[in-house]
Amino acid sequence: MSDSVVAFPVPSSPELSKAAQFRALLKDPALAFIMEAHNGLSAKIAEEAGFKGIWASGLSLATAMGVRDRNEASWTQVIDVLEFMSDATSIPIMLDGDTGYGDFNNFRRLVTKLCQRDIAAVCIEDKIFPKTNSFVAGDQSLADIDEFCGKIKAGKDSQSDEDFSVVARIEALIAGWGLDEALKRAEAYHAAGADALLIHSKKSGPDEILAFAREWGNRCPVVIVPTTYYATPTERFRDAEISMVIWANHNLRASITAMRELSQRLQAEESLLGIEGSVAPLAEVFDLAGNKELAEAERKYMAARAETKAVVLAASRGSALEALTEDRPKCMLDLRGEPLLRRMVRGFNDAGLRDVTVVCGYKQEAVDLPNVKKVVNEAYGETGELASLVCGLEDLEGPALIAYGDIIFESFILDRLLQSEADIALVVDAKWREHRKDAPKHAPDLVICDRPFGEDLLLDEAPVLLQGFEGLIARDVAHGEWIGLAKVSAKGLALLRKAIAAMEADGGVARADLPDLFNRLIRDGARPEVIYIAGHWLDVNDAFDLAWARNVL
Ligand code: SPV
Ligand code: MG
C-alpha cells in the first residue's frame, strides 16, 4: 500500500483542497484519468494504484448496494457511502449525481451536503428523474434545457467551497438526438456556469465524441466515458484535447468476476485449498484497513496496561498422596469432576488472566489442559520450587502472578491480589492456626510481618513482610501463613530475577524453595506487601486434605 493511502481519519490534507485538486485536473491541458470506486475499499485501491481522482459511479454504487441504477437507493444512502470513500482517501471524488435527485431545489441541497463532506465535484445528466442508465433500453428522454440550466445555476450558487465543480453531462447522443442538439446543450450548460461538460456516447467507436470535441473547440474542459468505445487508442483522446477520461465501472466489474469465480469454485470444491494462493492475504486486508496507523495511535494515546501472566508451580508429585499420585502429579487430582489445576486455571481466566504457564515435572504428560503453556522442569526430582519458578519465568515480562499448583482459594482472594500495585505482594492467612489444627504435621510457610492482622487495617499503610519466612521456629510468633499465591509487578519481577541471580552466584538455587527467595529479597531490602486473609483457602498435601477439599467444594 502506498504511503499516500490513508486510513480514517485523514491525517493531513495536501496543500490543495480536494476540490481544488479536482479543478486543477480538469484545467490541466494534460489528459487526466479518474477511476471508478463504489465503497471505501475500492476507493483506497484506486488511490493506491496512483489515480489522482475517483468517479463515484451511480451504476456501481447502486449495484454494490444490490439495487438498480434507477435511483432506488436514496441520495442520503449514496452520501453515506461517499463519506466512507472520502474519509478513506486523500484524492478528490466526483459523484455521479444522476439527474440531481429531483429538481433544482433537491440539487441545491445535494451540493451543500457534498461540500460539507469534502466531495470535490458532482456530475449531473440532462435526463428525467428517476434516471435510466445510458446503456439500458428504456426512457432516455432529455430534460428541458432551461430547467437543466436552472439546476446548474442553483448548484453553483449553493457550493460553499469555491473550487467545487459542477459537471454537466450531455445525453443528447445517447438519446439519439445527434451532434447539433449536443452542441446546443453544451452552449447552454456552459453559459449556465458548468465547470466542465461530460459528453456521453454508447457507440463502439469514438467518432461522435471526437466530432463533438472538434466542434466544441475546448471552450471548457470536456470529460468522456469510453466504456463502449474502449478499443480507441488513448492517444486519440489526447489529440482531441479531451480533459478527463473516466474508467467508469471497472472496479465493480472486476470484483464481480473475481467473486463469482471464487464463490462457484468454493461451492463446488468444498475446500479452501485450491483458492488460498489466489486471494489477497489477510495481511493485505489489514494493511488496506489501516491497522498500522491504529497500532501507532494506540501506542501514542492508550495507557500501556501490561497483561498479568500467571505461573503455576506444579512439578511435584505430592508423595504423601501415595497411590493417588502414581500416574499423575497432585495438581491433576480430581476434585468433583475436574482436576485441581483446571479449576485454578478457570479461576485465573475468570479474573482476566489468559496467559497461564504451568511448570510441570513429575508425570508431566498427565498435565493435558488446553489453553495453558506447559514448561517442564526436567530436574524436578533434585530441585526445589525455585528451580521450577526459574523455568516458568523464562520468557516472562511485566507483571506476573505466581501460584503453587495445589491450592484452592475463593475468587475474591485473587481479585484482591490482582488489585495490588505493590512490586511484590503475598497473600497471608492470619487464621492459619485454625486452618492447621487438624493437620499439625505440615510445615506451613509462616511469616512475620511488621504488624499482625487487625481490624484497623483499612486505616493503615499496607502491612509488609518484615522478617519473612521463619519456618517452624516461628509457630508461636508468626503473623500468618503464606498461602502460595504472590504477585510481582514488572519491577518486582526484575527484583526477583536479581535475587535469583545472586542466589545462583552463592550456589543456592537448586534446592531452594520460594520462601528462600522471599527471604533473600527481604534481606536485600525489599518489603513485600502482605494481603491478609482469614481462611477461605486450602492446600492439598495428603489424602486428608483431598477428602476435605472434596467435601467443602
Ligand atoms: C455510471 O458509472 O453510473 C455512469 C456512467 O453514469 S455510465 O454507466 O456509462 O452511464
Ligand atoms: Mg451513472
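The values are calculated or read from the model by the stated rules, or taken from the named source; none is laboratory data. Bear in mind that the values here come from a model prediction, so they are computed numbers and not experimental data. Note that we place each Cβ from the backbone using ideal geometry, even for glycine, and neighbour counts take in every protein chain shown. For the accessible areas, the whole protein counts, side chains as well, though only heavy atoms, and no ligand, DNA or RNA atoms are used. Shrake-Rupley method; radii C 1.70, N 1.55, O 1.52, S 1.80 Å.
Note the angle between two axes, namely the Cα long axis of helix 340-350 and the longest principal axis of the Cα atoms of the chain, as a number of degrees from 0 to 90, rounded to the nearest 10. Around 40 degrees separate the two axes.
Peptides 378-390, 224-236, ordered by how many other C-beta atoms sit within 10 Å of their residues on average, highest first, read 378-390, 224-236. Scanning residues 5 or more positions from residue 384 or on other chains, those with amide H under 5 Å from its amide H are 511, 512, with H placed 1.01 Å from N in the peptide plane. Highest mean first, the peptides 47-60, 174-187 sorted by other C-beta atoms within 10 Å per residue fall in the order 47-60, 174-187. In the chain, the longest principal axis of the Cα atoms and the axis of helix 75-87 are about 60 degrees apart.
Ellipticity at 222 nm from helices only: DSSP H runs of n ≥ 4 in the chain, each -39500 (n - 2.57), divided by the residue count, give -11500 deg cm²/dmol. In Å, what Kirkwood hydrodynamic radius results for the range 226-273 from the alpha-carbon pair distances? With all distinct Cα pairs of the range 226-273 included, I get 13.6 Å. Summing Cβ point charges (Lys, Arg +1; Asp, Glu -1) relative to the Cα centre of the chain gives a dipole of roughly 520 debye. Here the peptides 527-534, 262-269, 283-290, 504-511 are ranked by packing, the mean other Cβ count within 10 Å, and the order with the highest first is 527-534, 283-290, 504-511, 262-269.
Which whole-number percent is the relative contact order of the chain (Cα, under 8 Å, 6+ apart)? Computed value for the chain: 11 percent relative contact order. Listed by chain and number, the lysines whose C-alpha is less than 20 Å from the C-alpha of residue 363, apart from same-chain residues fewer than 8 away, are 330, 373, 374. Rg and Dmax of the chain, based on Cα coordinates, read 37.8, 113 Å. Listed values for the range 359-368 are Karplus-derived 3J(HN,Hα) couplings in whole Hz (6.51 cos²θ - 1.76 cosθ + 1.60, θ = phi - 60°), namely 8, 9, x, 4, 6, 4, 5, 7, 8, 10, and x replaces Gly and Pro.
Relative to the dominant Cα principal axis of the chain, helix 207-216 is inclined by about 70°.
Here the chain has 51 percent of its accessible surface on carbon and sulfur atoms, given a 1.4 Å probe and all protein chains in place. The Rg/Rh ratio of the range 18-258, with Rg taken over Cα atoms and Rh as the Kirkwood radius over Cα pairs, comes to 0.92. In straight-distance terms, cross-link reach from residue 151 covers every one of the aspartates and glutamates whose alpha-carbon lies under 13 Å from its own, apart from those fewer than eight places away in the same chain; here that gives 98, 103, 125, 126.
Summarised in one figure, the compactness ratio Rg/Rh of the range 309-552, Cα atoms and Kirkwood Rh, is 0.93.
Per residue, the accessible area of the range 235-327 comes to 71 Å² when a 1.4 Å probe rolls over the protein heavy atoms.
If Lys and Arg each add +1 and Asp and Glu each add -1, what is the summed charge of the other residues whose beta carbon sits under 14 Å from the beta carbon of residue 369? Neighbour charge sum, excluding residue 369 itself: +3. Under 5 Å from the amide H of residue 333 lie the amide H atoms of 340, 341, each residue being 5 or more positions distant or on a separate chain, with H modelled from the backbone and absent for Pro and chain starts. Amide H contacts of residue 54 (H built 1.01 Å from N, in plane; Pro and chain starts excluded): 35, 93, 94 sit under 5 Å, all sequence-distant by 5 or more or on other chains.
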